[in-house]
Amino acid sequence: MSFHPPELEEIWLHPESVGSHLHRRFLKFYDPGIFKELSQNLSFAEEVAAPDQQLESTSKGTLSPSEFDRSKKRLLLTPFHGQFFKRCPGATQKKALACCNYHVLNLGLQCNFNCSYCYLQNYINSPMMKYYSNLHDAIDELKEMALEHQEQPFRVGTGEVIDSLSMDPITLYSRDLIEFFREFPKWTLEFKTKSDSVDQFLDVPHAGNVVVSWSINPQKVVSSEEHFTASLQNRLAAAEKVFLKGFQVAFHLDPMIYFEDWKDHYADLVRDIKGRFRPEDVNVISVGSLRIQPEQRHMMRARFGMKSLVMNSELFPSDVGKLRYPQHLREEMYRFVLNEFGSGWKIFFCMETPETWISAYANTPMKVPGLKDLFKPLPKLMVTLSK
Ligand code: SF4
């Protein structure tokens, strides 16, 4: 398993990021000729959008398909002066969804992988990827809350709007975060990735409270929908590697995608996992099915065409406004996965309604042994912005 830095056309530097640790790390991997400095007084859009490449963004502020494609080839290294830490989006839809108290720490924006179903297509209005050069501020923010609530089992993930590890061999942010979480053993840090980049942190001492989790799908879905990501076999091999070093391992079988012979492919995937891990080796397995914002379809059609397995599905509006498979199909998919795994595995349904839980498990998450702790309500964390 070897790391190949993603292909980038330009790396832009905010004046405050020039000479930062992050800048120096990127210089080790990229030709100095592609680095450009932003002027003090101009925004990225003003500086970069030359007359021949005016942004075609829609009036809603989202990017056009070609702008979105291009945003994966440009990177901005910049400090972030907002709030790094927030609750998982599921928590704001609590009436409709069963939520698992997850918190997110955003260390950048946009991802160098290219999944056809990616929700960022409808979310991002920035014409480039960003990585934040002031990790120390993020850690200060975390520390303030961790000191106040160190006995509460908060879970913090870094993979909401970036892939946690796809650029990590360059940034090495995992190392500082693992180190920080060693001081707060009741808190849990979760990396979420579709890469196989783990070697860069395997030697870091940890308190056993770091979960490395992989989004997984059958190789047929990886090949057709999850462009530039690691193969399923490489992801599972990376999971074995971190497990041997005492890190916790989790899997997100999400989004499950319906296609003609889906059962055979998902059965093979479950067999692969069971061949490598015992139920007690895996922290948790979350399962979810395809869900997209209605407006995302146009972008997906323009960027991936009708060959995509995702574009071939029939989807219906749900209570929370997203398009999803009909409830009976979702339940069939979840029951199938539960049966294939058999007993002993901690499986939960991500972004699902209580009805779906009851149908698949005959119970809500608070009553499923082994899952209760994930869903127990915790105090609301207050973030003070001192910057
Ligand atoms: S890995 Fe995640 S964030 Fe990256 S493109 Fe795929 S779905 Fe989007």
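The values are calculated or read from the model by the stated rules, or taken from the named source; none is laboratory data. Bear in mind that the values here come from a model prediction, so they are computed numbers and not experimental data. Neighbour counts run over all protein chains shown; Cβ positions are idealised from the backbone, glycine included.
Observations on the model:
- Among the residues of region 149-179, those identified as in a loop (DSSP other than H, G, I, E, B), within 16 Å of the ligand (Cβ to nearest atom) and either at positive phi or acidic (D, E) (or both) are E160, D163.
- Taken over region 73-114, the criterion of being farther than 13 Å from N134 by Cβ, away from the ligand (no atom under 16 Å from the Cβ) and modelled with pLDDT of 95 or more is satisfied by L76 alone.
- Meets criteria (hydrophobic (A, V, I, L, M, F, W, C), touching a Phe, Trp or Tyr at 6+ places or on another chain (Cβ under 8 Å) and over 20 Å from S215 (Cβ atoms)) for F316: yes
- Residues satisfying the stated conditions in region 339-348, i.e. buried (at least 17 other Cβ atoms within 10 Å of the Cβ) and without any contact (Cβ under 8 Å) to a residue 24 or more places away in the chain: none
- Taken together, the residues in region 246-255 that are touching an Asp or Glu at 6+ places or on another chain (Cβ under 8 Å) and assigned to a loop (DSSP other than H, G, I, E, B) amount to 0.
- Once region 189-212 is narrowed to residues that are part of a strand (DSSP E or B) and within 12 Å of the ligand (Cβ to nearest atom), the residue that is surrounded by the most Cβ atoms within 10 Å (Cβ to Cβ) is T193.
- Hits in region 228-245 - residues which are polar (S, T, N, Q) and part of a helix (DSSP H, G or I): Q233, N234
- Check on A146, buried (at least 22 other Cβ atoms within 10 Å of the Cβ) and either on the phi > 0 side of the Ramachandran plot or in a helix (DSSP H, G or I) (or both): no
- Matching residues in region 326-375 - criterion: being at pLDDT below 90, farther than 16 Å from V270 by Cβ and outside any helix (DSSP H, G or I): C350, M351, E352, T353, A362, N363, T364, V368, P369, G370, L371
- Scanning region 115-143 for residues that are away from the ligand (no atom under 16 Å from the Cβ), modelled with pLDDT under 95 and outside any helix (DSSP H, G or I) gives a single hit, P127.
- Looking only at region 256-266, and only at residues there that are in contact with a helix residue (DSSP H, G or I) (Cβ under 9 Å, 6 or more places away or on another chain) and not in a helix (DSSP H, G or I), the one that is farthest from V287 (Cα to Cα): D261
- Any pair with Cβ under 8 angstrom, 6 or more apart, that starts in region 166-184 at a residue that is among the charged types (D, E, K, R) and ends at one that is assigned to a helix (DSSP H, G or I): D168/S174; D168/Q200; D168/F201; R175/Q200; R175/F201; D176/L135; D176/I139; E183/A146
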